[in-house]
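The values are calculated or read from the model by the stated rules, or taken from the named source; none is laboratory data. Computed from a predicted structure; not experimentally measured. Counting neighbours? That spans all protein chains shown, and the Cβs are built from the backbone with ideal geometry, glycine included.
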Amino acid sequence: MANVKYKRVVLKLSGEALAGDLGTGINPPEIRKVAEEIKEVHNLGVQITIVVGGGNMWRGEAGEQMGMERSQADYIGMLATVMNALALQDNLESIGVPTRVQTSIEMRQIAEPYIRRKAIRHLEKGRIVIFAGGTGSPYFSTDTTAALRASEVNADVILMAKNGVDGIYSADPMKDASAVKYDKLTHLDIINKGLQVMDTTASSLSMDNDIPLVVFNMNERGNIKRVVKGETIGTTVKGK
């Protein structure tokens, strides 16, 4: 393995990362670009798991506007993450990266059910594992899924890739020019300051299991590799 800081990672991608400028759906050039970035990190010998959101396919707000029951809306969102996972798997395998999709809601015709020991074995064999379907239960975000799976597979870090934002700020830098960027924070800071990075459940789970979080800009090519190799970019969150 090359000289890397993190040997086993959970990469958290938003569904919008696969949509690019289209905003919704899957943009073929964008998903290929993401796959190529991931391959560069895989070639370093890093064990990679991925949790991808479903916001490019379905947003809970749409369900609320329709008067949909929350659990039903959440299940639709979980299925959206499966579609994204399958598309990302196909792109990774088309460039020679062995990949498995595991879902928390069983759908054996298209993916494996989530089994912790099997996921770890895939990683040990050099395969990327994409965790789809959220936690399998409503009321939990894919941020919480990332924290939960990171705890279960003993990941060294959660890498949270953001679209166009290079870290954590005191306010939304797109709306507030006076927003201040943080280089380092604790998980408790995230909760106490009410920073919109991860939901409270995900932050608490990461804190309780002492899992670092690195938030960085996905739109700058090579950033995933830089983070894995230990370069100081974005914002690092760790400790209490």
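Observations on the structure shown:
- Condition check for residue 84: in contact with a Gly (Cβ under 8 Å, 6 or more places away or on another chain), of a type in the set (S, T, N, Q) and in contact (Cβ under 8 Å) with a residue 24 or more places away in the chain: yes
- Here residue 12 fits the description: under 26 Å from residue 154 (Cβ atoms), buried (at least 20 other Cβ atoms within 10 Å of the Cβ) and of a type in the set (D, E, K, R).
- Only one entry in 74, 90, 143 is more than 19 Å from residue 49 (Cβ to Cβ) and either within 19 Å of the chain's Cα centre (by Cα) or not β-branched (Val, Ile, Thr) (or both), namely 74.
- Filtered by the rule that a residue be out of contact with any Phe, Trp or Tyr (no Cβ under 8 Å at 6 or more places or on another chain) and either at pLDDT 95 or above or closer than 16 Å to residue 12 by Cβ (or both), segment 211-223 gives 211, 212, 213, 214, 215, 216, 217, 218, 219.
- Top-ranked residue of segment 187-204 - restricted to ones that are surrounded by fewer than 20 Cβ atoms within 10 Å (Cβ to Cβ) and in contact with a helix residue (DSSP H, G or I) (Cβ under 8 Å, 6 or more places away or on another chain), ranked as nearest to residue 238 (Cα to Cα): 188
- Checking each residue in segment 199-215 for being in contact (Cβ under 8 Å) with a residue 24 or more places away in the chain, out of contact with any His (no Cβ under 8 Å at 6 or more places or on another chain) and of a type outside the set (S, T, N, Q) picks out 199, 202, 205, 210, 211, 212, 214, 215.
- Single residue of 220, 231 found to be under 22 Å from residue 3 (Cβ atoms), more than 18 Å from the chain's Cα centre (by Cα) and either outside any helix (DSSP H, G or I) or among the β-branched types (Val, Ile, Thr) (or both): 231
- Only one of the listed residues (224, 191) is among the hydrophobic types (A, V, I, L, M, F, W, C) and farther than 23 Å from residue 140 by Cα. That residue is 224.
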